[in-house]
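A.B. asks: Pasting a structure here, questions to come.
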Amino acid sequence: MNERENIFGRIREALRVAAPRPGHEHDSPPHLDAAPAPAGNTRQWLPLVGNSFEERLALFEKNTAALKADFFPVKDREELGRRLGELRDREGWKKIGAHNGELTNFAVAELALPLCRTDPGYEVADLENCSAGITECDALVAQTGSVLVTSRSAGGRALSVLPPHHVVLARREQLLADLPGAFAFLKQKYSSNYPSFISLITGPSRTGDIERILVLGAHGPKKLTIFCL
Amino acid sequence: MNPVAREFKANARRLTADLRHRDLIQTALGKYEAVRDKTKAAFQDWQAARQAAAEIKWEAVNHLDRYLDEFVRNLEARGTKVHWASTGRQAREIILGIIREKKARSIIKSKAMTSEEIHLNEALEEAGFEVVESDLGEFIVQLRKEAPYHIVFPAMHLSRGDINELFTRELGSAPTQNPEDLTMIARGVLRQKYLAADIGFTGANFAVAETGMISITENEGNARLTAALPKVMVTLLGIEKILPRLEDLALFLPMLATIGTGQALTCYNSLYGGPRQPGEPDGPEEYHVVLLDNRRTELLADAEQRDALHCIRCGGCLNVCPIFRNVGGHTYGTTYSGPIGSVITPHLRGLQEWKHLSYASSLCGACTEVCPVKINLHHHLLHNRRNASRQKPSLAEKLTFKSFAFIVNRPGVYRVVKRAGRLLQKLHPLVKGTRLDPAYSWTRTRELPPIARQTFKEYWRNRR
């Protein structure tokens with residue numbers, strides 16, 4: 001506890017002299033207790049997002065394509081089941097990871113493969129052997145083509161990052177416009193009790209560390225597929 | 001000149017003439033610039049976003065005691081153990097203490113510049129522990145026993161050929177020149193390290209006071225695995241990483257990505273608010289957060305340069321800096337290189353020993369212009385110069401300016417010196433480029449324009 005007091009002591013001592021506000025380096029004296037910056041305006045500065053659902057869906061689709069993620073709007077569960085089956089057969093899935101959820105349970109039943117379910121607790125080696133991790137999500141973000149997940153909505157921390165293919169099952173009413181909307185949503189949904197892990201997933205794992213050449217699947221999934229009912 | 005400055009000068013001279021180095025850096029940064037500008041252009045108002053980001057960081061840093069306290073209270077409420085370190089040594093001891101208490105053997109690390117700052121890897125290895133960097137670029141430079149070249153692109157100075165050679169030598173992998181194959185080799189090796197690691201160690205990009213969470217920005221997923229698999233997780237971060245509110249991330253995450261790598265948003269932006277909570281299937285059983293001062297409070301005490309603590313370590317100022325692009329990251333000999341490194345290193349490590357970095361600048365201001373949080377970088381280089389010479393005046397410099405003032409204040413003397421200068425300049429080629437030249441260090445690489453044959457005064461007099 002001692003170092004804590006030392007650090008706070010030095011901070012308070014240092015802050016006795018006020019620093020000029022950004023853009024007011026030549027004014028004096030600075031106003032330390034002026035109103036905080038207006039974070040509410042962020043939306044006006046970030047990239048533009050359309051107003052209608054169709055525009056947002058189109059933007060999400062465009063962004064995911066640029067990120068080399070696969071995005072499929074599906075009409076109904078029948079189509080979802082069919083497409084999942086195609087994916088399983090094309091990639092030769094042997095085993096899947098999933099968590100308990102309405103859509104994931106449907107997918108698990110359709111796929112009829114050996115399963116590693118994360119929610120009751122699992123062995124890492126078991127999940128490591130899965131061809132795909134199937135999760136639900138909290139929201140989709142049109143502005144950036146992101147999938148918002150938490151440890152509660154997506155079966156913990158590892159399911160959406162350890163297997164080589166992450167499959168997201170979302171509903172169309174989960175599509176949000178932009179990042180300010182995503183954080184407002186998080187606050188509204190969880191503010192009384194936040195999950196220990198929250199992530200915005202934007203495309204499959206990637207690196208450019210070798211000559212700035214894009215390689216997918218650096219550590220996380222090489223493929224990200226998003227189905228939207 | 002002190003030894004550190006002498007080494008900087010020698011390395012700078014060598015790398016400036018190294019054409020292969022220049023080629024690698026120009027290619028890498030050329031690609032980066034193209035995407036960065038395109039992503040930046042998608043913002044509706046980039047300048048307003050910069051101003052807002054600067055104001056939010058100003059708010060956080062200038063009320064650091066309040067926000068830090070809020071951050072820690074919220075973090076502790078969910079069972080995180082918070083540690084405080086005034087110095088690098090204390091931080092190393094705290095981390096070693098956790099490792100020993102847990103009887104851990106191996107540590108998997110995701111990228112953390114603060115750990116470079118306190119030389120954590122060396123300390124852990126010396127104590128007999130295995131520590132593995134999991135970020136691909138960091139893994140590469142760790143294998144080469146080098147410091148990261150750049151705070152965002154650690155292996156930017158290497159070609160795929162260099163990396164292939166390194167991997168075949170150190171990992172025994174089959175030779176390949178394909179970046180994808182090279183990445184998969186590292187992925188395979190590191191996956192095994194993950195499964196065996198006892199402790200996951202991370203840095204942090206932001207600390208959200210309102211909710212008590214740390215935010216990690218990455219592309220590879222290595223930090224996510226580090227935070228998901230090992231039983232114990234440790235995060236080391238500087239006390240200045242604070243943001244007041246959760247929604248501030250809606251601005252900072254895309255701005256960091258835009259200037260950092262040219263992406264609209266990096267692949268994974270994750271928030272960690274504690275160890276595994278009741279009902280959660282995985283994540284560490286224990287979570288430790290180590291808050292590091294390491295002379296940040298000294299920088300905080302300098303109100304004039306306090307905004308240097310706004311830095312979000314995007315690397316943008318390095319990428320645009322003509323000095324960085326020529327002398328390269330390692331030449332600085334510091335944890336943080338480029339303009340921001342030149343500004344803060346004298347505060348973190350001593351002004352007199354590191355002041356030379358503030359002179360290694362053309363003062364073009366490209367750094368200040370690109371900075372997403374509007375740090376007054378190139379002016380701070382001037383502030384460092386002023387502070388250094390105020391603290392320890394240079395006799396030679398003083399004498400030069402005294403004589404200059406003496407001459408220009410006396411028209412008669414000025415006239416004589418002017419004539420003498422015109423005459424002496426004719427003789428200059430005899431000594432130029434040799435040590436006999438009194439202005440050798442200046443004229444060695446420069447041409448002095450000839451002094452005019454006629455002054456304006458003379459011209460005016462003749463004209464009438």
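The numbers here are math on the coordinates, done by the rules we state, and not lab data. Model, not experiment: these values are computed from the prediction. Glycine also receives a Cβ, built like all others from the backbone with ideal geometry; neighbour counts cover every protein chain displayed.
A.B. asks: In the range B:69-116, what residues are within 23 Å of B:Ala127 (Cβ to Cβ) and in a loop (DSSP other than H, G, I, E, B)?
C.D. replies: B:Ser86, B:Thr87, B:Lys102, B:Lys103, B:Ala104, B:Arg105, B:Ser110, B:Lys111, B:Ala112 - these are the residues of the range B:69-116 that are within 23 Å of B:Ala127 (Cβ to Cβ) and in a loop (DSSP other than H, G, I, E, B).
A.B. asks: May I ask you to say which residue of B:Arg160, B:Arg89 is closer than 30 Å to B:Glu180 by Cβ and either touching a residue at least 60 places away in the same chain (Cβ under 8 Å) or surrounded by fewer than 22 Cβ atoms within 10 Å (Cβ to Cβ) (or both)? First the steps, then the outcome.
C.D. replies: Numbers: B:Arg89 fails: closer than 30 Å to B:Glu180 by Cβ.
So the residue among B:Arg160, B:Arg89 that is closer than 30 Å to B:Glu180 by Cβ and either touching a residue at least 60 places away in the same chain (Cβ under 8 Å) or surrounded by fewer than 22 Cβ atoms within 10 Å (Cβ to Cβ) (or both) is B:Arg160.
A.B. asks: Which of the helices (runs of 4 or more DSSP H) contained wholly in the range B:247-352 include at least 2 residues that are under 28 Å from A:Leu179 (Cα atoms)?
C.D. replies: Result: B:249-260, B:316-320.
A.B. asks: To continue, here is another question. With the requirement that a residue be among the hydrophobic types (A, V, I, L, M, F, W, C), at the interface with chain A (Cβ under 7 Å from one of its Cβ atoms) and surrounded by 22 or more Cβ atoms within 10 Å (Cβ to Cβ), what does the range B:254-308 give you?
C.D. replies: First, the residues of the range B:254-308 that are among the hydrophobic types (A, V, I, L, M, F, W, C): B:255-257, B:259, B:264-265, B:267, B:271, B:289-292, B:299-301, B:303, B:308.
With the extra rule that they be at the interface with chain A (Cβ under 7 Å from one of its Cβ atoms), the set shrinks to B:264-265, B:267, B:271, B:300-301, B:303.
Result: B:Ala264, B:Leu265, B:Cys267, B:Leu271, B:Leu300.
A.B. asks: Also, I was wondering about something else. Before we move on, is A:Pro73 surrounded by 14 or more Cβ atoms within 10 Å (Cβ to Cβ), of a type outside the set (Val, Ile, Thr) and farther than 20 Å from B:Lys38 by Cα?
C.D. replies: yes
A.B. asks: Given the criteria crowded, with 23+ Cβ neighbours inside 10 Å, of a type outside the set (Phe, Trp, Tyr) and out of contact with any Pro (no Cβ under 6 Å at 6 or more places or on another chain), does B:Thr345 qualify?
C.D. replies: Working: crowded, with 23+ Cβ neighbours inside 10 Å: yes; of a type outside the set (Phe, Trp, Tyr): yes; out of contact with any Pro (no Cβ under 6 Å at 6 or more places or on another chain): yes.
So B:Thr345 fits the description; yes.
A.B. asks: Answer yes or no as to whether A:Val168 is in contact with a Cys (Cβ under 7 Å, 6 or more places away or on another chain), more than 7 Å from chain B (Cβ to nearest Cβ) and at negative phi.
C.D. replies: Numbers: in contact with a Cys (Cβ under 7 Å, 6 or more places away or on another chain): yes; more than 7 Å from chain B (Cβ to nearest Cβ): yes; at negative phi: yes.
Criteria met by A:Val168.
A.B. asks: Please determine, by comparing only the residues of the range A:175-211 that are at the interface with chain B (Cβ under 8 Å from one of its Cβ atoms), of a type in the set (Gly, Ala, Ser) and within 15 Å of the chain's Cα centre (by Cα), which one is nearest to A:Ser52 (Cα to Cα).
C.D. replies: This residue is A:Ala182.
A.B. asks: Restricting to the range A:206-225, name every residue that is touching a Lys or Arg at 6+ places or on another chain (Cβ under 7 Å) and crowded, with 24+ Cβ neighbours inside 10 Å.
C.D. replies: A:Ile210, A:Ala218, A:His219, A:Gly220, listed by residue number.
A.B. asks: Quick one: B:Leu382 ticks every box in (1) loosely packed, with under 13 Cβ neighbours inside 10 Å; (2) closer than 30 Å to B:Lys355 by Cα; (3) hydrophobic (A, V, I, L, M, F, W, C) bar one, so which box is it?
C.D. replies: Result: B:Leu382 passes all but (1).
A.B. asks: Still on this structure: Checking A:Leu214 against (1) hydrophobic (A, V, I, L, M, F, W, C); (2) within 8 Å of chain B (Cβ to nearest Cβ); (3) in contact with a Gly (Cβ under 8 Å, 6 or more places away or on another chain), which test does it fail?
C.D. replies: A:Leu214 satisfies every listed condition except (2).
A.B. asks: Please name all residue pairs, on different chains or six or more residues apart, with Cβ atoms under 6 Å, provided the first residue is in the range A:200-229 and is within 14 Å of A:Ala132 (Cα to Cα) and the second residue is in a strand (DSSP E or B) and of a type in the set (Val, Ile, Thr).
C.D. replies: A:Thr225/A:Val167; A:Ile226/A:Val168
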